[in-house]
Amino acid sequence: MFKKVILLTLAGIITYSCATVPVTGRRQLNLINNSEILPLSYDQYEQVLKESKLSDNKEWTAMVKRSGKRIKMAAEQHMKDIGAEGQLEGYDWTFNLLESETVNAWCMPGGKVAFYTGIMPICATEEGVAVVMGHEVAHAIANHSRERMSQGMITNGLGSVLGTAIGSDPTLTQEIFMQSVGIGSQLGMLKFSRTHESEADKIGLIFMAIAGYNPQEAPRFWQRMNDNANGERPPEFLSTHPNPETRIDDLNAALPEAMKYYKK
Ligand SMILES: [Zn+2]
């Protein structure tokens, strides 16, 4: 009987603590408010900036900032169109290009984006930058970090979640943030699951199309990424995708839908 009550409570929490991912409509676990996550994210981003060197390549920096702004506006427009603009409350978009040979880019909760100079030759053009930017902005819009944190809260023991009002324990919240967002051990390495990566690819394609970038560049960009890996250890950005061919196939399958949003 007692067990049944606990199960029902658990089911209740999960049922009432779900959010819907824009564009894909996937239901996701949501046990914590953005108002609790975003300040942690902004602090962490400031910290990374303090420890990094901004690129002095003016042309590349301008490309990152311009495509960031265009894709952010596209995402905001889309959220408005589907009546979900309220989900973007507290977002504070920032786009920076950091000096590092690492082939990577990431976005922290609330829209804090960083590109490393190492990815720029593979992006090659602003359209290429937009492929990565669309993907990163999609992670933020789809609240993938929040979902990971919510899953982390379950893993860390529902007891503490039930015992304290969710998120009201700042130490626990901070700890789970660091675990879930995965920063600290290595400079800005965000770890997402394959579900999150595929979802970000799909949403990113739509955002770049709305922003006026040709989404057909996406499979071409990922091909260049694969060629760059050269059969050796893949760059970090590919590490959660053991099968790059599947990624390109999935992108090609999602293209017709994205092309509907693309106006030349
Ligand atoms: Zn990703």
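Here are the numbers for this structure:
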item	result
Residue that is farthest from the chain's Cα centre (by Cα), among those in segment 104-145 that are more than 15 Å from Ala62 (Cα to Cα), outside any helix (DSSP H, G or I) and within 13 Å of the ligand (Cβ to nearest atom)	Asn104
Test result for Ser100, surrounded by fewer than 22 Cβ atoms within 10 Å (Cβ to Cβ) and either assigned to a loop (DSSP other than H, G, I, E, B) or modelled with pLDDT of 90 or more (or both)	yes
Odd one out for Gly25, checked against (1) assigned to a helix (DSSP H, G or I); (2) at pLDDT 90 or above; (3) among the small types (Gly, Ala, Ser)	(1)
Long-range neighbours under 8 Å by Cβ, at least six apart or interchain, first residue outside any loop (DSSP other than H, G, I, E, B) within segment 234-254, second at pLDDT 75 or above and among the aromatic types (Phe, Trp, Tyr)	Pro244/Trp222; Arg247/Trp222; Ile248/Trp222; Leu251/Trp222
Filtered residues of segment 28-42 (kept if part of a loop (DSSP other than H, G, I, E, B) and among the polar types (S, T, N, Q))	Asn30, Asn33
Subset of segment 43-64 [modelled with pLDDT of 95 or more, surrounded by 16 or more Cβ atoms within 10 Å (Cβ to Cβ) and assigned to a helix (DSSP H, G or I)]	Trp60, Thr61, Met63, Val64
Those residues of segment 84-97 which are of a type in the set (Ser, Thr, Tyr) and not in a loop (DSSP other than H, G, I, E, B), in sequence order	Thr94
Residue match in segment 209-219 (condition: within 14 Å of the ligand (Cβ to nearest atom) and either in contact with a Leu (Cβ under 9 Å, 6 or more places away or on another chain) or modelled with pLDDT of 85 or more (or both))	yes
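The values are calculated or read from the model by the stated rules, or taken from the named source; none is laboratory data. Source: prediction; values computed, not measured. Counting neighbours? That spans all protein chains shown, and the Cβs are built from the backbone with ideal geometry, glycine included.
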